[in-house]
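*Asks:* Sharing a structure, written as structure tokens. Questions coming.
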Amino acid sequence: MNLNLYNSLTREKETFEPINEGRVGMYVCGPTVYSDVHLGNCRTFVSFDVIYRYLLHLGYKVRYVRNITDVGHLLDDGEDRMSKGARLEQLEPMEVAQKYANGFHDMMRTFNTLNPSIEPRATGHILEQIEMVQQIIDNGYGYERNGSVYFDTLKFIEENEDIYGKLSGRVVDDLIAESRENLKKQDEKKHPADFAIWMKASPEHIMRWNSPWSEGFPGWHLECSAMSTKYLGKTFDIHGGGNDLKFPHHENEVAQNVGSCGHAPAKYWLHTNMLLMNGKKMSKSDGNTISPVELFTGDSPHVSKGYHPMVVRFFMLQTHYRSTLDLTDEALQAAEKGYRRLIEAYRTLQALESPANAAAGELDKEINDLIDLAYSEMNDDFNTPKALARLFEMVTRINGLKDGHLPADQVSGPTLALLKDTFQKFIFDIFGLKDDSAEGGENGKDMMGGLMNVILNIRQEARANKDWATSDLIRDSLKELGIQVKDGKEGASWTVDA
Ligand code: AMP
Ligand code: ZN
């Protein structure tokens, strides 16, 4: 069975053929660590976690690189996101990066995502970025103005037909036609479509490095070009990210790679779609937002109760990664039921035994067909909602076998064993779900520990900000659940009422 995936670059489903047999190089744009990770980010990283898990399941040796952006990602007003975080919180930029990277990792553990193989940081790869800027200048696609270096987009377009705009679908003529008057007053760029690859730091800018052009910092798009090339080579298999990054981030990445080493970076581009809430874009300014922790604790007007992280993960799997995902309380309630039904069926299945006289009958064939179909759905661009639907068709069979509605002697021993194995592989290895019940043993404890870390970190932050109301609310809400929080010199600890 072939794996087919939708390539954003060609806008077609293509058969996946790795560049090096048996191996996959995959780069995914990671978070900018200047504030708490939000649920939209989590959706994207959970989607790529399932893709990573499925590639591993197929037997590929995968090198999964997911970066951490800790410099260069500017706000609309030109301030570096990290510097802004540092200024607001009176911390070193590196402290801000570390704090939110820790929070991000806690959250990724809470969602049971696997660690990437390499997690490079932009600030750890300044030399590689400077080298790439130099190559771009040497190849004639970069020009310096007052210590900053810009990518000459127009020249690139002229000399490399059909590359710029292909990924994002931007019409190049429109980009070119954009008037030079759109340049801001003191803009050093030759054309509005040009973008900075090295920026001279203003005197108040904290994050700065020496370079041949000025003391400054790299442009945001550059880090992904430099780090993907360093760890995966000039051409690698898969590049991923949210579809909000297609333009300008990914389009510019392609231009930089071609402009520096003559190669487009990735063979396949995969883009996840956005997370919505109640049909609208999640937005802090409109109050239409919920944090992962609020979703887990239920401390938000948008949900009627708290939902376990595995329920939220299951909810994410119910929608294809290329469709928008609409978070609503009703959908979460339905997801909770679905998740419990699946885990329950898994337990029932483990206890089922094949009768001595069992022989393959009609039901045996049905089950084998469903197993094949579940894999076909995953091979069709990682279609998790359809694969889940196949699992639920199996659940009906499992429950029928348990209560005697279906003839157990029609399912052969090997087929029952295969069904058990398939369930185990899909639920835990591929979908990355965990059994959240008390009987979950170590898994259950890990989850609880991870979740408590997340909650107590937030409370610690509230205390640091002298926000005693939030801190007390968290403590009292936990108390109601039978969890006692104690504040000590080493930070807070917690115990569960016996
Ligand atoms: P950022 O930290 O903003 O650089 O984003 C990290 C990753 O999360 C990127 O791949 C984004 O495309 C993705 N992302 C941001 N917002 C959303 C959203 N609302 N839904 C899904 N993915 C998102
Ligand atoms: Zn990136």
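The values are calculated or read from the model by the stated rules, or taken from the named source; none is laboratory data. Please read all numbers here as calculations on a predicted model, not as lab measurements. We place every Cβ from the backbone using ideal geometry, glycine too, and count neighbours over all the protein chains shown. Ligands, DNA and RNA are stripped out before the accessible areas are found, and what is left, the full protein with its side chains, is counted by its heavy atoms. Shrake-Rupley method; radii C 1.70, N 1.55, O 1.52, S 1.80 Å.
*Asks:* In this structure, does Gln98 turn out to be more than 12 Å from ligand 1 (Cβ to nearest atom), under 25 Å from Leu127 (Cβ atoms) and either in contact with a Gly (Cβ under 8 Å, 6 or more places away or on another chain) or not hydroxyl-bearing (Ser, Thr, Tyr) (or both)?
*Replies:* Working: more than 12 Å from ligand 1 (Cβ to nearest atom): yes; under 25 Å from Leu127 (Cβ atoms): yes; either in contact with a Gly (Cβ under 8 Å, 6 or more places away or on another chain) or not hydroxyl-bearing (Ser, Thr, Tyr) (or both): yes.
Considered against the rule, which asks whether it is more than 12 Å from ligand 1 (Cβ to nearest atom), under 25 Å from Leu127 (Cβ atoms) and either in contact with a Gly (Cβ under 8 Å, 6 or more places away or on another chain) or not hydroxyl-bearing (Ser, Thr, Tyr) (or both), Gln98 comes out as yes.
*Asks:* Search region 302-325 for residues that are over 19 Å from Gly242 (Cα atoms) and pair each with any residue that is polar (S, T, N, Q) and open to solvent by less than 40 Å² (accessible area, probe 1.4 Å) when their beta-carbon atoms are under 6 Å apart and the residues are at least 6 apart or on different chains.
*Replies:* Listed pairs, sorted by first residue: Pro309/Thr110.
*Asks:* For a quick check of your reading of the model, give me the residue pairs whose first member lies in region 242-256 and is under 14 Å from Asp152 (Cα atoms) and more than 11 Å from ligand 2 (Cβ to nearest atom), whose second is among the aromatic types (Phe, Trp, Tyr) and assigned to a helix (DSSP H, G or I), with beta-carbon atoms closer than 9 Å and at least 6 apart or on different chains.
*Replies:* Correct list of pairs: Ala255/Phe156.
*Asks:* A further question on this structure: Among (1) more than 16 Å from ligand 1 (Cβ to nearest atom); (2) more than 25 Å from Thr229 (Cβ to Cβ), which single condition is Val37 missing?
*Replies:* With respect to (1) more than 16 Å from ligand 1 (Cβ to nearest atom); (2) more than 25 Å from Thr229 (Cβ to Cβ), Val37 is out only on (1).
*Asks:* Looking only at residues in region 237-274 that are part of a loop (DSSP other than H, G, I, E, B) and under 16 Å from the mean Cα position of the chain (by Cα), which one is nearest to ligand 1 (Cβ to nearest atom)? Walk me through how you get there before you give the answer.
*Replies:* Taking region 237-274 first, the residues part of a loop (DSSP other than H, G, I, E, B) are 262-265, 273-274.
Then keep just the ones that are under 16 Å from the mean Cα position of the chain (by Cα); that gives 273-274.
Numbers: Asn273: 7, Met274: 4 Å.
Once the filter is applied, the top-ranked residue is Met274.
*Asks:* If you check Asn67, Asn112, which single one turns out to be open to solvent by 20 Å² or more (accessible area, probe 1.4 Å) and in contact (Cβ under 8 Å) with a residue 60 or more places away in the chain?
*Replies:* Details: Asn67 fails: open to solvent by 20 Å² or more (accessible area, probe 1.4 Å).
Going through Asn67, Asn112 in turn, just one is open to solvent by 20 Å² or more (accessible area, probe 1.4 Å) and in contact (Cβ under 8 Å) with a residue 60 or more places away in the chain: Asn112.
*Asks:* Right, next: Look through Phe428, Phe423, Phe392 and report the one residue that is out of contact with any Cys (no Cβ under 6 Å at 6 or more places or on another chain) and closer than 14 Å to Ala351 by Cβ. Steps first, please.
*Replies:* Details: Phe428 fails: closer than 14 Å to Ala351 by Cβ; Phe392 fails: closer than 14 Å to Ala351 by Cβ.
Of the residues listed, the single one that is out of contact with any Cys (no Cβ under 6 Å at 6 or more places or on another chain) and closer than 14 Å to Ala351 by Cβ is Phe423.
*Asks:* Looking only at region 178-200, decide whether some residue is within 23 Å of Leu245 (Cα to Cα) and assigned to a helix (DSSP H, G or I).
*Replies:* The answer is yes; a qualifying residue exists.
Per-residue answers, yes or no, for (1) open to solvent by 80 Å² or more (accessible area, probe 1.4 Å); (2) modelled with pLDDT under 90; (3) out of contact with any Cys (no Cβ under 7 Å at 6 or more places or on another chain); (4) not in a loop (DSSP other than H, G, I, E, B):
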residue: Arg459; (1), (2), (3), (4): no, yes, yes, yes
residue: Ala462; (1), (2), (3), (4): no, yes, yes, yes
residue: Ala469; (1), (2), (3), (4): no, no, yes, yes
residue: Gln484; (1), (2), (3), (4): no, yes, yes, yes
residue: Ala498; (1), (2), (3), (4): yes, yes, yes, no
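*Asks:* Continuing with this model, one more query. Got a number for residues in region 278-301 being within 24 Å of Leu451 (Cα to Cα), out of contact with any Asp or Glu (no Cβ under 7 Å at 6 or more places or on another chain) and within 16 Å of ligand 1 (Cβ to nearest atom)? Before you say what the answer is, go through the steps one by one.
*Replies:* We begin by selecting, within region 278-301, every residue within 24 Å of Leu451 (Cα to Cα); these are 282, 284, 288-301.
Among the residues that remain, those that are also out of contact with any Asp or Glu (no Cβ under 7 Å at 6 or more places or on another chain) are: 282, 284, 288-290, 292-299, 301.
From what is left, the residues that are within 16 Å of ligand 1 (Cβ to nearest atom) are 282, 284, 288-290, 292, 294-295.
Matching residues across region 278-301 total 8.
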